[in-house]
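Values quoted throughout were computed directly from the atomic coordinates according to the rules given, and no laboratory measurement underlies them. As the structure is a computational prediction, the values presented were derived from the model and not from experiment. Positions of Cβ are backbone-derived with ideal geometry, glycine not excepted, and every protein chain shown enters the neighbour counts.
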Amino acid sequence: MYVLSGVPAGFSVYVLLKLFVRGNPAATAANILGSEGMFRLGYAAELVGVSLVVGALLLLYQLFKPASRSLALLMMCFGLIGCTIQALDPLADIAALIFLKGGASLAAFTTDQAQAMALVLLRMHWLIYDVALVFFGVFAILVGVLILKSTFLPRVLGVLMAIDGLGYLTLSFAVFLSPPFAARLPFLPFATAALGEGSLMLWLIIKGVNDRRWEEQSQRTEET
């Protein structure tokens, strides 16, 4: 589920990158109205991706509960908060489309004003996602700590997940504190995610956990 969520999420990012023209409201509006179906499919795909992540989080909680029940619960909560914030992205997209489509309720706006508002709302999409990355960053670090506390997964995966989380946090805080610096790091979270989450998910799919050690640690957790 976690790996599959990357497909609709990646498509959503592709759609925005294809249609969004930085600093050019008219060109962005023309792209969206000319490919309205793809634009709508993009924000619908993002909701599908978020839904898959929510399901994966519940399973990850069950997986890591033997390492530390409280930390696993905290990990899941941060992930769910991140998903909740990210789920607001389609609202910004829908609002942008409403401005571009016009109508009687928007008659007070000129075409240029409506296009400018749509561009601002699309920029809000990215800012909302940057806020969500703060919680996903803490989630990834907590997964790393849980792996280090566990006995059923290689510790190196925990280190990679911690690096993954730091990548998310670095980009998020750079966006809000130093946008010019953040502009130099557009692909940082993708690189760290491939390193951390990619390695963990591949390991779980191909190798899985050490069943015997998982059972032993689970029993010790239940006894305490």
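Structure data summary
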item	result
Eligible lysines near K149 by straight Cα distance, threshold 23 Å, same-chain separation 8 or greater	K65, K207
Highest average packing first - 95-106, 134-145, 115-126, Cβ atoms within 10 Å	134-145, 115-126, 95-106
The range 3-66 - percent relative contact order, Cα under 8 Å, separation 6 or more	47
Point-charge dipole on Cβ atoms (K/R +1, D/E -1) for the chain, about Cα centre, debye to 20	280
Within the chain, helix-based [θ] at 222 nm, where runs of 4 or more DSSP H residues each add -39,500 (n - 2.57), nearest 500	-27500 deg cm²/dmol
Calculated P(r) tail over 14 Å for the range 35-121, as whole % of Cα pairs	70
Distance between modelled label sites at V131 and R184, nm, 7 Å Cα→Cβ extension	2.8
Point-to-point label distance, V159-V21, nm (Cα→Cβ direction, 7 Å offset)	4.8
Within the range 54-98, backbone nitrogen closer than 16 Å to the virtual label 7 Å beyond the Cα of Q219 toward Cβ	66-67
Within straight-line cross-link reach of K101, lysines at Cα separation under 27 Å, skipping those fewer than 8 residues along the same chain	K18
Mean-position separation - Cα centroids, the range 158-224 and the range 33-71, in angstrom	16
Rg and Dmax [Cα atoms of the range 119-224; Å; Rg one decimal, Dmax integer]	16.9, 56
Rg(Cα) / (2.2 N^0.38 Å) computed for the range 2-223, rounded to two decimals	1.17
